[in-house]
1. Does SER68 meet the test of being polar (S, T, N, Q) and either surrounded by 13 or more Cβ atoms within 10 Å (Cβ to Cβ) or touching a residue at least 12 places away in the same chain (Cβ under 8 Å) (or both)?
2. Based on what the data block shows, is THR70 out of contact with any Gly (no Cβ under 9 Å at 6 or more places or on another chain) and hydroxyl-bearing (Ser, Thr, Tyr)?
3. Filter the stretch 1-43 down to residues that are more than 25 Å from PHE71 (Cβ to Cβ) and exposed (fewer than 12 other Cβ atoms within 10 Å of the Cβ), then give me how many there are.
Amino acid sequence: MENFNKEKYNRAKKRVDELKGFYIHLAIYVVINTFILINIYLRSESFWQWEHFITLVAWGIGLFFHASKTFGFNPLLGKGWEERQIQKYMDEDKEEMNKYK
């Protein structure tokens with residue numbers, strides 16, 4: 001029983017660490033990019049140039065993937081896809097075992 005509680009605690013701690021890591025990443029993203037955009041606005045004659053937003057977009061893509069890993073969503077290969085693939089391979093293994101019986 002003690003082993004079970006320790007395992008639950010470790011899983012919960014790992015989940016909290018993942019969330020904390022994501023929120024720190026998000027906070028740094030907001031602070032740094034706000035600073036960059038304010039700096040560009042104050043020092044540039046033409047604010048709306050795509051070159052000014054490369055960091056924002058590229059880092060935003062990385063942040064999106066970090067969020068998808070942390071919160072467990074995957075728009076391309078979602079939970080339904082994963083479960084269908086697992087079932088497919090389980091069925092194939094079952095058929096393979098039945099061949100030799």
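1. When the stated conditions are applied, SER68 passes them.
2. The answer is no for THR70.
3. Of the stretch 1-43, the ones more than 25 Å from PHE71 (Cβ to Cβ) are 1-6, 35-43.
Right, trim to exposed (fewer than 12 other Cβ atoms within 10 Å of the Cβ) and you get 1-6, 35, 38-39, 41-43.
Residues flagged as more than 25 Å from PHE71 (Cβ to Cβ) and exposed (fewer than 12 other Cβ atoms within 10 Å of the Cβ) within the stretch 1-43 amount to 12.
Rule-based calculations on the coordinates, nothing more; no lab input. Keep in mind that what you see is a predicted model, and the values were worked out from it rather than measured. Methodologically, a virtual Cβ is constructed for each residue, glycine included, from the backbone with ideal geometry; neighbour enumeration extends over all protein chains shown.
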